[in-house]
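Beneath this line is the structure, given in structure tokens, with notes to follow.
Quick note: the coordinates plus some simple rules give every number you see, no bench work behind them. Note that the structure is predicted; figures quoted are calculated from it, not measured. Heads up, the Cβs are rebuilt from the backbone with ideal geometry, glycines too, and the neighbour counts pull from every protein chain shown.
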Amino acid sequence: MHIVTTIAGSDSGGGAGIQADLKTFQELEVFGTSVITALTAQNTTGVTGVFPIDISFVEKQFQALVEDFPIAAMKTGMLYSSGIIQAIARMIGELNIPLIVDPVMIAKGGESLLQQEAIEALCSSLLPLATIVTPNIPEAEALTGRTIRHFEDMKQVAQSFLQLGVQCVIVKGGHLAEPLYAIDYVFFKNGQSFSMQSPRIQTKNTHGTGCTFSAALTAFLGRGLAMEEAIIEAKKFIQLAIMHDLAIGNGHGPTNHFAYQQHKEACEVIIHET
Ligand SMILES: Nc1ncnc2c1ncn2[C@@H]1O[C@H](COP(=O)(O)OP(=O)(O)O)[C@@H](O)[C@H]1O
Ligand SMILES: Cc1ncc(COP(=O)(O)O)c(N)n1
């Protein structure tokens, strides 16, 4: 049994954050553990409150896990403050395992999940430890200070992340104005790159897409898949989860974490070398 960890915020609504991650881990047959950085009062219509956990208690959760479990891979999601980021980076720096950093900044409803002053700590302390970083377009722009309009901009942005020491950058295209396809761009340290294209699903139920994608990636890496294979399988997991979306709640409903196990044979992702 492979053990993986998510370091993230709790979403009381169950579609994003820790809850989405653990559901994804369970579906992908890895044993999920967690370090909770903040509680959010949240549903499909938005976030009504954020309660950060004391840094010392974040550290206590992390220590409890690493003292007892051989963790195969870790991901981070909502980290909220520079203090939490620095504590996490210090502890992860002592381990040598795949780390996926999903640089969560803003909830779909517009509420901030990362304090403005924490951006610097994310870039200087945590990203240099990341095996893979998975920004969406607004996060990639905010973290690098560059605007993304064309593929050339995307390459420059990826270069900025790679220069920090990240091994692989996946710029997720959910926010691109591409009506027919959802295209993600993958860049490796060795200069290789490719895009992953799947049909864009017309739905408002996209709460937790980024969390679910990075959790699937963590599970596949924890199971020992090679990086490229893990990335493509994670894209299939999120594609099927959006395709078979759940109309739960009155706002942006969650994705369907059950769908991959039920339909994985029926999902094609088109890969283009870039
Ligand atoms: N409407 C959609 N149809 C298909 N895939 C989508 C759609 N929206 C997002 N995705 C995919 O979901 C994943 C998360 O992307 P994105 O929504 O950009 O991230 P975030 O949730 O962090 O904002 C990516 O693989 C992206 O291509
Ligand atoms: C606790 C928590 N973490 C992350 C997200 C981002 O969700 P998304 O994956 O839709 O960007 C969220 N809404 N809440």
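Points worth noting:
- Pair list, Cβ under 7 Å, 6 or more apart: the range 105-117 residue among the basic types (Lys, Arg), other residue within 12 Å of ligand 1 (Cβ to nearest atom): Lys108/Thr206; Lys108/His207; Lys108/His252
- Subset of the range 150-173 [farther than 12 Å from Ser193 by Cα, within 16 Å of ligand 1 (Cβ to nearest atom) and not in a helix (DSSP H, G or I)]: Lys172, Gly173
- Residue within the range 190-211 that is of a type in the set (D, E, K, R), buried (at least 24 other Cβ atoms within 10 Å of the Cβ), near ligand 1 (Cβ under 10 Å from one of its atoms) and within 20 Å of Ile148 (Cβ to Cβ) present: no
- Test: residue in the range 81-98 that is touching a residue at least 60 places away in the same chain (Cβ under 8 Å), within 16 Å of ligand 1 (Cβ to nearest atom) and out of contact with any Pro (no Cβ under 9 Å at 6 or more places or on another chain): no
- Close pairs (6 angstrom Cβ cut-off, 6 or more residues apart or separate chains): under 17 Å from Glu178 (Cα atoms) and within 16 Å of ligand 2 (Cβ to nearest atom) in the range 195-220, among the charged types (D, E, K, R) and outside any helix (DSSP H, G or I) anywhere: Thr203/Asp245
- Residue satisfying all of: in the range 228-249; part of a loop (DSSP other than H, G, I, E, B) and out of contact with any strand residue (DSSP E or B) (no Cβ under 7 Å at 6 or more places or on another chain); surrounded by the most Cβ atoms within 10 Å (Cβ to Cβ) among these: Asp245
- Among the residues of the range 177-189, those that are within 15 Å of ligand 1 (Cβ to nearest atom) and outside any strand (DSSP E or B) comprise Ala177, Glu178, Pro179, Leu180.
- Taken over the range 23-33, the residue count meeting the criterion of being in contact with a strand residue (DSSP E or B) (Cβ under 7 Å, 6 or more places away or on another chain), farther than 14 Å from Gly77 by Cβ and in a helix (DSSP H, G or I) is 1.
- Within the range 252-262, tally of residues that are buried (at least 16 other Cβ atoms within 10 Å of the Cβ) and farther than 19 Å from Ser214 by Cβ: 1
- A single member of Ala64, Ala121, Ala20 is free of Cβ contacts under 8 Å to residues at least 60 places away in the same chain, of a type in the set (Gly, Ala, Ser), crowded, with 16+ Cβ neighbours inside 10 Å and not in a strand (DSSP E or B), and it is Ala121.
- Matching residues in the range 23-46 - criterion: being crowded, with 23+ Cβ neighbours inside 10 Å, of a type outside the set (D, E, K, R) and more than 12 Å from ligand 2 (Cβ to nearest atom): Phe25, Leu28, Val35
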